[in-house]
Amino acid sequence: MRQKFIHNELAGDRQAVVPASGFSLSLQEIWEKIKKNRDLDIPSIKVLVATVRCEEIANEKYSAFAANEELKVISVHPGFGKKLSSMIYTCISGYDEEATYYDEGVKSVKRKQLEEKLLQFVQPKFQDLLELKRSFTLDKFKEAFDKDLDGVIKGFSVTARNSTESFMAQFDEGCADAVIKQANWDTSKVRDKLRRDIEAHVASVHADKIKNHCEAKLRELLSGPVEALLKQANNMTWPTIRRRLREAESAFSGSAAAISGFEMDEQTKAKIDANLEKYVRRIVEDKAKEEARRVLKHMEERFKTKFSYDSNSIPRVWNRRENIGAIARTAHSSSLEVLSVMAVIRLDGDDDGHKIQATLNSALLDKDMSTTTNDLLASNTWEEVPSSKTLIIPLKCKELWEEFKENTKDIVSKAIAEQANAPLQLPPWVIGCLIFVGYNAITRLIRNPLYLGVGVILVAFLLVTPLWCWFASLW
């Protein structure tokens with residue numbers, strides 16, 4: 001019949017028109033066809049009524065559940081799972097009570113659909129609660145773990161393992177409290193994420209502990225000696241620094257795991273060792289840069305030491321016997337050595353910057369005697385030295401030397417003035433001779449005045465001799 005109406009066969013196909021007198025017979029035939037069609041499954045009135053009514057009841061219960069104000073605050077209180085399970089149970093029980101007298105099959109289907117909708121509604125709240133518990137547990141773990149370590153690195157592995165298991169157990173208890181009775185939701189993904197977060201934090205703390213511990217030891221081992229070596233600045237400074245560098249690297253290579261008692265794979269160990277090697281070099285480089293910024297001060301201190309004290313560290317007395325020019329040149333040469341040592345970092349071999357000392361001597365110390373007009377320091381780079389290893393460029397060396405000469409010229413001037421004003425000091429042997437000859441001369445003169453002329457000649461000779469020595473020292 002539906003097909004007939006759809007295709008307008010009852011109204012538009014005039015060939016199949018049924019006369020009014022035969023309409024009742026036509027209806028009977030149609031009905032017989034419908035009854036004989038086994039594919040038609042027309043529900044009974046009871047089922048139709050149960051379907052409509054049970055669905056209405058389920059919708060009412062769902063709406064009332066969703067509008068419950070307790071759902072807004074329940075997630076922040078303990079007993080989440082127990083409370084929510086009770087609320088779901090109450091909602092479904094209300095549905096069962098109102099749908100008691102309807103078809104059992106329809107009632108069960110609609111009941112299951114209502115339960116699924118309720119669980120779908122609360123599942124986001126359940127997941128949010130798990131995430132909240134994961135975040136809270138992780139924060140508490142970090143706080144407790146750092147407190148348990150309290151700066152101690154020994155026994156790190158045991159502390160990490162015990163703390164991890166303790167807080168994972170606490171999280172499991174929290175998950176059990178959040179479980180909804182009517183649901184069978186898996187919490188393993190959140191649990192696994194928490195464990196990964198904890199392990200990542202443990203690894204991070206471990207790396208920091210190892211880094212801080214080893215770096216502190218390396219600073220203690222290297223900073224002081226390297227600073228002292230740079231201040232002493234001689235041709236053995238960089239070879240000695242390289243030797244100490246190798247000793248420090250060997251002392252700490254592969255020791256990270258032993259220090260902490262923490263199990264590490266070979267890749268992690270290799271990474272830590274590589275980082276420590278870089279740090280050792282950085283200590284030396286930073287200390288070299290720091291001392292290079294104070295190179296002028298070190299040069300002046302070296303000059304004062306070499307110029308004002310002799311080889312036995314005894315203060316010089318500027319009498320007429322001291323050759324001030326030679327002493328000043330020696331002190332200048334030693335100060336220039338300080339500049340050459342601090343001009344370039346030489347950690348990778350003996351060839352780095354080996355020409356710098358000779359270049360500085362030629363350009364600065366020997367420039368007055370040189371006949372060449374070529375400025376060897378008119379550059380921003382050293383020959384065969386990369387810029388990454390350069391601490392003081394050639395042009396800066398020239399500026400520093402000029403400033404150094406200006407700052408130290410007063411010291412030389414004062415020494416010359418002091419020497420010029422020094423009283424004439426006869427050598428002990430001259431004084432002894434004068435006493436001996438004087439006594440003999442007086443005796444002879446008393447006995448024979450003819451010896452007076454000889455005595456005068458001897459005294460003049462003894463007086464002229466030290467004066468001649470003094471003039472010779474000035475030249």
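The values are calculated or read from the model by the stated rules, or taken from the named source; none is laboratory data. All of these numbers come straight from a predicted model, not from anything done at the bench. Cβ coordinates were reconstructed from backbone atoms using ideal geometry, including for glycine residues, and neighbour counts include every protein chain displayed. The accessibility values were calculated without ligands, DNA or RNA, using every heavy atom of the protein model including side chains. Shrake-Rupley method; radii C 1.70, N 1.55, O 1.52, S 1.80 Å.
Among residues that are in contact (Cβ under 8 Å) with a residue 60 or more places away in the chain, open to solvent by less than 70 Å² (accessible area, probe 1.4 Å) and under 50 Å from the mean Cα position of the chain (by Cα), residue 167 is not included.
Residue check: residue 106 meets all listed conditions (1) open to solvent by 60 Å² or more (accessible area, probe 1.4 Å); (2) at pLDDT below 85; (3) in contact with a Cys (Cβ under 9 Å, 6 or more places away or on another chain) but one, namely (1).
One residue stands out among those in segment 281-301 that are among the basic types (Lys, Arg) and within 30 Å of residue 252 (Cβ to Cβ): the one that is most open to solvent (accessible area, probe 1.4 Å), which is 293. Among the residues making up segment 302-326, those that are closer than 25 Å to residue 406 by Cβ and open to solvent by 90 Å² or more (accessible area, probe 1.4 Å) are 304, 306, 309.
Among the residues making up segment 124-147, those that are touching a Ser or Thr at 6+ places or on another chain (Cβ under 9 Å) and either open to solvent by less than 80 Å² (accessible area, probe 1.4 Å) or not in a helix (DSSP H, G or I) (or both) are 125, 126, 129, 130, 141, 144, 145. In this structure, is residue 90 open to solvent by 10 Å² or more (accessible area, probe 1.4 Å) and either part of a loop (DSSP other than H, G, I, E, B) or within 21 Å of residue 197 (Cα to Cα) (or both)? It is false that residue 90 is open to solvent by 10 Å² or more (accessible area, probe 1.4 Å) and either part of a loop (DSSP other than H, G, I, E, B) or within 21 Å of residue 197 (Cα to Cα) (or both).
When residue 329 is tested against (1) exposed (fewer than 14 other Cβ atoms within 10 Å of the Cβ); (2) at pLDDT 90 or above; (3) assigned to a loop (DSSP other than H, G, I, E, B), only condition (3) is not met.
Within segment 94-151, the residues that satisfy the criterion of being without any contact (Cβ under 8 Å) to a residue 24 or more places away in the chain and among the hydroxyl-bearing types (Ser, Thr, Tyr) are 100, 101, 108, 135. Residues in segment 170-201 that are without any contact (Cβ under 8 Å) to a residue 12 or more places away in the chain and polar (S, T, N, Q) were compared, and the one that is most open to solvent (accessible area, probe 1.4 Å) is 184. If the condition is being modelled with pLDDT of 80 or more, closer than 23 Å to residue 215 by Cβ and among the aliphatic types (A, V, I, L, M), then segment 138-178 contributes only 160.
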